[in-house]
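Chemist: Got a structure for you, questions after.
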Amino acid sequence: MTQTLKGGCLCGAVSYETQADPVIVGHCHCTDCQKSSGTGHCTHVGLPEASLKVTGVMKFYDRPADSGNIISRGFCPECGSAIFSRNSRMDGMAFLRASSLDDPNLVTPQMIVYASRAPNWDKMDPSLPSFAELPEGGPEKAIADAQT
């Protein structure tokens, strides 16, 4: 069921919308997600980047992940709000930060990765499939596992 997802940054300088259905929605407790979010995890909404209509200028910060893949984290250069990221291993995909959505209730998390790194105060839904690290086979395998 296709719905329009809209969102943007805190100051309004960057906004986006998409009508693509998410390929995956998941929580990540890796250290980089904790540091970039300022809390115990990030919730990512994976979808084709070509489906995103972005208004405004974003800045990107590139950093290698544990896997060696480069993660490019996009944010508003004015207010610093995280908007979406890219993973060099998954060309053509964007991972919206659920926190940037105007209505985060439009998406439902399907899985948890890097659960072994979660702070003890950041409790997750025990009914979700949970992986101590990223599943063997990388992000593609995690997506496939969550869809079955």
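The values are calculated or read from the model by the stated rules, or taken from the named source; none is laboratory data. Quick caveat, the model's predicted, so the values are computed rather than measured. Backbone-built Cβ (ideal geometry, glycine too); neighbour counts: all protein chains shown.
Chemist: Name the one entry in 20, 50 that is more than 27 Å from residue 119 (Cβ to Cβ) and surrounded by 17 or more Cβ atoms within 10 Å (Cβ to Cβ).
Modeler: Criteria check complete, one pass: 20.
Chemist: Tell me, which residue of region 83-97 that is in contact with a helix residue (DSSP H, G or I) (Cβ under 8 Å, 6 or more places away or on another chain) and part of a loop (DSSP other than H, G, I, E, B) is surrounded by the most Cβ atoms within 10 Å (Cβ to Cβ)?
Modeler: For region 83-97, the residue satisfying everything is 90.
Chemist: A further question on this structure: Would you pick out the residues in region 43-62 that are part of a strand (DSSP E or B), more than 15 Å from the chain's Cα centre (by Cα) and either of a type in the set (Val, Ile, Thr) or modelled with pLDDT under 95 (or both)?
Modeler: Selection gives 54, 55.
Chemist: Is it the case that region 66-76 has a residue that's over 17 Å from residue 3 (Cα atoms), among the aliphatic types (A, V, I, L, M), crowded, with 18+ Cβ neighbours inside 10 Å and in contact (Cβ under 8 Å) with a residue 12 or more places away in the chain?
Modeler: Yes - at least one qualifying residue is present in region 66-76.
Chemist: Go through (1) at positive phi; (2) in contact with a helix residue (DSSP H, G or I) (Cβ under 6 Å, 6 or more places away or on another chain) one by one and return the number of the condition residue 80 breaks.
Modeler: (2)
Chemist: Among the residues in region 119-136, are any assigned to a helix (DSSP H, G or I) and either farther than 17 Å from residue 40 by Cα or at pLDDT below 95 (or both)?
Modeler: no
Chemist: Does residue 19 satisfy the criteria of being more than 24 Å from residue 79 (Cα to Cα) and modelled with pLDDT of 95 or more?
Modeler: When the stated conditions are applied, residue 19 passes them.
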